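Engineer: Pasting in a structure now, in structure tokens, and then I'll have a few things to ask.
Just so it is clear, none of the values below were taken in a lab; they were calculated from the coordinates. Just so it is clear, the model here is predicted, and its values are computed rather than measured. Don't worry about glycine lacking a Cβ; one is built from the backbone with ideal geometry, like all the others, and counts go over all protein chains shown.
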Amino acid sequence: MRRLLRRRPSPGLIVGIIAVVIAGTGSAIAASQITSKQIKNGTIQLVDISKSARLALQGGRGPQGAPGTPGAPGATKVVVRQGAVVNAAANADATATVSCSPGERATGGGNTGSGWLVRQSFPTGGSATAPPTGWQVVADNGGAATNLTALVICASP
């Protein structure tokens, strides 16, 4: 026992003990000193909040609603149809049309052929209550004789 009392602790040991005490109490002191008055509005983000606090902010989940009415069947068959080739002389406009088969609806369209300046490209055969059933393209051949062909994308159940 006398030998233990005769030896003084080294300065490194004293500094180490003080560091451990400060490290152990530092976070507890900081947690007790931060208040809502010290936090500026808009600085706390959702990621800064615990998962349980986020769930509490969202509120409870309501009951499931009644099932809706079944929708109409969607298209299961989609095809691209090509119209007849329209020959146009130099410096001439051309109009090309193409139709879907019975029971199909036009969903889009366009044209083939190079050198054409398309002026109009639109669906045909539809009305305010009926879907379109074809496609029409009106184009200018840009000065050279060439061919124009209309295309339509048709869909059916």
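Engineer: Pick out which of Ser114, Ser52, Ser36 has the largest mean-square fluctuation in a Gaussian network model of the chain, springs linking Cα atoms closer than 10 Å.
Structural biologist: For the chain, modelled as a Gaussian network with Cα springs under 10 Å, the answer is Ser36.
Engineer: Tally Lys and Arg at +1 and Asp and Glu at -1 over the other residues with C-beta under 11 Å from the C-beta of Gly134: what net charge comes out?
Structural biologist: Net charge around Gly134: +1.
Engineer: Build a GNM of the chain with springs between Cα atoms under 10 Å: which of Ala130, Ala145, Ala53 gets the top mean-square fluctuation?
Structural biologist: In this elastic network of the chain, the residue with the biggest mean-square fluctuation among Ala130, Ala145, Ala53 is Ala53.
Engineer: Suppose the chain between Ala92 and Ser127 were pulled fully straight at 0.36 nm per residue; how much longer would it get relative to their current alpha carbon spacing?
Structural biologist: 9.6 nm
Engineer: Can you grab the distance from the C-alpha centre of the range 111-145 to the C-alpha centre of the range 32-101, Å, no decimals?
Structural biologist: Each part reduced to its Cα centre gives a spacing of 30 Å.
Engineer: Compute the projected area of the convex hull of the Cα atoms of the range 82-157, averaged over all viewing directions, and report it in nm² to one decimal place.
Structural biologist: Details: hull surface 19.1 nm².
Orientation-averaged projected area of the Cα hull: 4.8 nm².
Engineer: If you bin every alpha carbon distance in the chain into 10 Å steps from zero, what whole percent lands in each bin?
Structural biologist: Percent of pairs per bin, in order: 9, 17, 12, 8, 7, 11, 10, 8, 7, 5, 4, 1, 0.
Engineer: So, one more: Gain in length, Ala56 to Val21, computed as 0.36 nm per residue apart minus the alpha-carbon separation, to one decimal in nm?
Structural biologist: Fully extending the segment from Ala56 to Val21 adds 9.0 nm.
Engineer: Could you give the nm distance between label points at Ile34 and Thr69, where each point is 7 Å from its Cα heading toward the beta carbon?
Structural biologist: If labels sit at Ile34 and Thr69, their model points lie 5.5 nm apart.
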